[in-house]
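> Please see the structure below; I have some questions.
The values are calculated or read from the model by the stated rules, or taken from the named source; none is laboratory data. Note that the structure is predicted; figures quoted are calculated from it, not measured. Ideal geometry is used to build each Cβ from the backbone, glycine not excepted, and the neighbour counts take in all protein chains shown. What goes into the accessible areas is simple: the full protein's heavy atoms, side chains included, and nothing from ligands, DNA or RNA. Shrake-Rupley method; radii C 1.70, N 1.55, O 1.52, S 1.80 Å.
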Amino acid sequence: MAAYKDLRGYLEALEKAGKLKRIRRAINKDTELHPLVRWQFRGLDEGERFGFLFDRLVGTHGESYNGAVASAVIAPSLEAYAIALNCAATRQAMYDRWAEAFRRPLPPKRVPSGPVKEEIHAGEGLLAHGGLKEFPIPVTTNGWEALPRLSGLCWVSKDPETGEVNVGTYNGVLLGPLESCARVSPRGHMRIHWQKCKGRGVPLQVAAVVGPSPAVVMTSITEIPYGVSELDVAGGLAGEPIEVVRCETVDLDVPATAEIVLEGEIPTDYVLPDPASGEHTGYTFIDRSALAFHIRCITHRKNPIWHDLVDQFPPSESSVMGNINREAHMINFLRGSCGIPQVKDVAFHHCGGSRRLTVIRLQDLGGTRTSNRTVWQALNASLAVSTEWPKIAIAVDDDIDPWDLDSVFWAICFRYQPHRDTHIVQGRGATADQSGGPRTLSLDEQEYPTNRSGLQGNSSILIDATRKWPYTPTSLPTKKYMERAREIWEEEGLPPLKPREPWHGVSWGEWPESYRRHAEMGDRGEFDKIAEEILQQKKKV
Ligand SMILES: Cc1cc2nc3c(=O)[nH]c(=O)nc-3n(C[C@H](O)[C@H](O)[C@H](O)COP(=O)(O)O)c2cc1C
Ligand SMILES: [Mn+2]
């Protein structure tokens, strides 16, 4: 299938797949929009979720706005995310798509002009349509957040020494017609550009892009090594170079088919307080700082679509994309870089903000049980991908579905001894995790306590929930009975089954010959003979 040229082309595909709902009635962008979008994350099963396109937005004082709002359109669910990635809706197809993009990045192609230049507000005319107030920028976590949030910005900037381009998604809020900010985490790449400009005593030139094609959005939110341009990887994802145009007032290129581009600069001699802002951990943060952003030029398409990307309380678009991307990364790391072919699957979970909780499924190669030391190599190695996540890593056997927490906790309940099968690893970070320390401590101290007399850093827990010796069979009918029953089930037209692992019994090595014989006799209906044998074996006590 051809790559999406722009957000609009993608929204058409999403609508065709029945995964986009248009809301035509007037919606208050500051009080009604986000609660509607958030309901589906708290009230629908993942497969039922969709993206929203709001056609008519109003403000609390009767304001009207230019254009529409697309919210939760990239990844309300795994199925939608697969449409954005232009691949089959299986985890493997999605991992492969990312692997291919990293293997074959394509640098962007400069074109003379593009739809994003349909309207240009600069110089004298900068405020002709009200600056940022032209657009329906929604308030996102109503009741806690006080200002409209620019949630889907893809910030383009350059390393002032090397000229290397970075694109990263960092939230900002509306602080005036030409004023916003960027809430860049300590590890955000734009922060490195900012620090280098600060060292030189100059502001950082930036372009904040709203609503480029999905490939750019998806790379902008993904942790790609510093120095590798997200635009190149986006070209790899799309299968063709991203077309870019020169900015009007800064030395940067931006996607030619984006909806809106905000050009300007970030001062490096001061920062601003970041107003209350919802985080992916499920809490609303306070007392953080943000980089100030002065807008010098706005270019946009006619009837622009404001792109709102949903983060905050999980599940969210952020955790739908984050789970897949981190799974692809971790499995590649454990199998490829660490050389552990026994790793079959890696699952990340929404409840961990797609970072803190991971389950590693190990397979027995050629019927030989994966050794304990290999299990521990995988658990220990999983910690190497980040300073703070996973915070909880659990190793399970092949018969456990690592995405089904009921299955995972069954393994923890019956294959794991806390005192013996747990390692707690100290010296870990804890970005945005309030359990690290109260906010009365400095941020650095919350993220990595350095108390010399006490414990250093935060910690992660490694849990080996694999079977360590032969077990008796699982207490479910064996495969042939369950398969035959499934045929009857389907012939009877009973409701469609969604099999959960394990869905049939398996022998785990502890099944003495006498029991096997009886079970076979039972299969032939020789109950009297079995009973006779049992009655002969009475033991006096
Ligand atoms: C919806 C969404 C919102 C995000 N908001 C922020 C944010 O406000 N600040 C931040 O530092 N990272 C945020 N992130 C994570 C970054 O986009 C991600 O770490 C990305 O790798 C940043 O680009 P960089 O690696 O080039 O710095 C967000 C991610 C998503 C999916
Ligand atoms: Mn980057």
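> Somewhere in the stretch 233-245, is a residue in contact with a helix residue (DSSP H, G or I) (Cβ under 6 Å, 6 or more places away or on another chain), within 18 Å of L150 (Cα to Cα) and either within 14 Å of ligand 1 (Cβ to nearest atom) or touching a residue at least 40 places away in the same chain (Cβ under 8 Å) (or both)? Walk me through how you get there before you give the answer.
Looking only at the stretch 233-245, we keep the residues that are in contact with a helix residue (DSSP H, G or I) (Cβ under 6 Å, 6 or more places away or on another chain), and these are 233-234, 236-238, 241-242.
Keeping just the survivors that are within 18 Å of L150 (Cα to Cα) gives none.
Checked the stretch 233-245: no residue is in contact with a helix residue (DSSP H, G or I) (Cβ under 6 Å, 6 or more places away or on another chain), within 18 Å of L150 (Cα to Cα) and either within 14 Å of ligand 1 (Cβ to nearest atom) or touching a residue at least 40 places away in the same chain (Cβ under 8 Å) (or both).
> Right, something else. Quick one: count up the residues across the stretch 121-142 that are assigned to a helix (DSSP H, G or I) and open to solvent by less than 10 Å² (accessible area, probe 1.4 Å). Spell out the reasoning first.
Taking the stretch 121-142 first, the residues assigned to a helix (DSSP H, G or I) are 123-127, 131-134.
Among the residues that remain, those that are also open to solvent by less than 10 Å² (accessible area, probe 1.4 Å) are: 131-132.
The total comes to 2.
> Then there's this: Looking only at the stretch 272-304, count every residue that is closer than 30 Å to G114 by Cα and either surrounded by fewer than 19 Cβ atoms within 10 Å (Cβ to Cβ) or out of contact with any Lys or Arg (no Cβ under 7 Å at 6 or more places or on another chain) (or both) and tell me the total.
Going residue by residue through the stretch 272-304, those that are closer than 30 Å to G114 by Cα are 291-304.
Applying the additional criterion that residues be either surrounded by fewer than 19 Cβ atoms within 10 Å (Cβ to Cβ) or out of contact with any Lys or Arg (no Cβ under 7 Å at 6 or more places or on another chain) (or both) yields 291-298, 300-304.
Of the residues in the stretch 272-304, 13 are closer than 30 Å to G114 by Cα and either surrounded by fewer than 19 Cβ atoms within 10 Å (Cβ to Cβ) or out of contact with any Lys or Arg (no Cβ under 7 Å at 6 or more places or on another chain) (or both).
> Starting from residues that are assigned to a strand (DSSP E or B) and of a type in the set (S, T, N, Q), keep the ones in the stretch 458-502 and report whichever is surrounded by the most Cβ atoms within 10 Å (Cβ to Cβ). Give the steps one after another, and end with the answer.
In the first step, residues of the stretch 458-502 are kept if they are assigned to a strand (DSSP E or B); the result is 458-464, 471, 478.
Keeping just the survivors that are of a type in the set (S, T, N, Q) gives 458-460, 478.
Values: N458: 23, S459: 15, S460: 25, T478: 15.
The extreme case among them is S460.
> Modelled with pLDDT under 95, exposed (fewer than 13 other Cβ atoms within 10 Å of the Cβ) and more than 30 Å from Q342 (Cα to Cα): does that describe L455?
Numbers: modelled with pLDDT under 95: yes; exposed (fewer than 13 other Cβ atoms within 10 Å of the Cβ): yes; more than 30 Å from Q342 (Cα to Cα): yes.
Considered against the rule, which asks whether it is modelled with pLDDT under 95, exposed (fewer than 13 other Cβ atoms within 10 Å of the Cβ) and more than 30 Å from Q342 (Cα to Cα), L455 comes out as yes.
> For the stretch 313-345, give me the residue count where each residue is out of contact with any Phe, Trp or Tyr (no Cβ under 9 Å at 6 or more places or on another chain), open to solvent by less than 10 Å² (accessible area, probe 1.4 Å) and either outside any helix (DSSP H, G or I) or without any contact (Cβ under 8 Å) to a residue 24 or more places away in the chain (or both).
First, the residues of the stretch 313-345 that are out of contact with any Phe, Trp or Tyr (no Cβ under 9 Å at 6 or more places or on another chain): 318, 333-344.
Now narrow it down to the ones that are open to solvent by less than 10 Å² (accessible area, probe 1.4 Å): 334, 340, 343.
This time we only want the ones that are either outside any helix (DSSP H, G or I) or without any contact (Cβ under 8 Å) to a residue 24 or more places away in the chain (or both), so: 340, 343.
Total satisfying the criteria: 2.
> Here is a follow-up. When you look at G152, is it in a strand (DSSP E or B), open to solvent by less than 50 Å² (accessible area, probe 1.4 Å) and either more than 10 Å from ligand 1 (Cβ to nearest atom) or touching a residue at least 24 places away in the same chain (Cβ under 8 Å) (or both), yes or no? Before you say what the answer is, go through the steps one by one.
Details: in a strand (DSSP E or B): no; open to solvent by less than 50 Å² (accessible area, probe 1.4 Å): yes; either more than 10 Å from ligand 1 (Cβ to nearest atom) or touching a residue at least 24 places away in the same chain (Cβ under 8 Å) (or both): yes.
So G152 does not fit the description; no.
> Might you check whether a residue that is without any contact (Cβ under 8 Å) to a residue 12 or more places away in the chain, on the phi > 0 side of the Ramachandran plot, more than 16 Å from ligand 2 (Cβ to nearest atom) and surrounded by fewer than 18 Cβ atoms within 10 Å (Cβ to Cβ) occurs anywhere in the stretch 175-183? Full working, then the answer.
Initially, the stretch 175-183 is screened for residues without any contact (Cβ under 8 Å) to a residue 12 or more places away in the chain, giving none.
No; the residues of the stretch 175-183 include none that is without any contact (Cβ under 8 Å) to a residue 12 or more places away in the chain, on the phi > 0 side of the Ramachandran plot, more than 16 Å from ligand 2 (Cβ to nearest atom) and surrounded by fewer than 18 Cβ atoms within 10 Å (Cβ to Cβ).
> Now a separate question. Being surrounded by 18 or more Cβ atoms within 10 Å (Cβ to Cβ) and among the aliphatic types (A, V, I, L, M) is the filter here; which residues of the stretch 246-271 pass it?
V250, L252, V254, A256, A258, I260, V261, L262, I266, listed by residue number.
> Something else: When you look at V206, is it within 14 Å of ligand 2 (Cβ to nearest atom), buried (at least 22 other Cβ atoms within 10 Å of the Cβ), of a type in the set (V, I, T) and assigned to a helix (DSSP H, G or I), yes or no?
The answer is no for V206.
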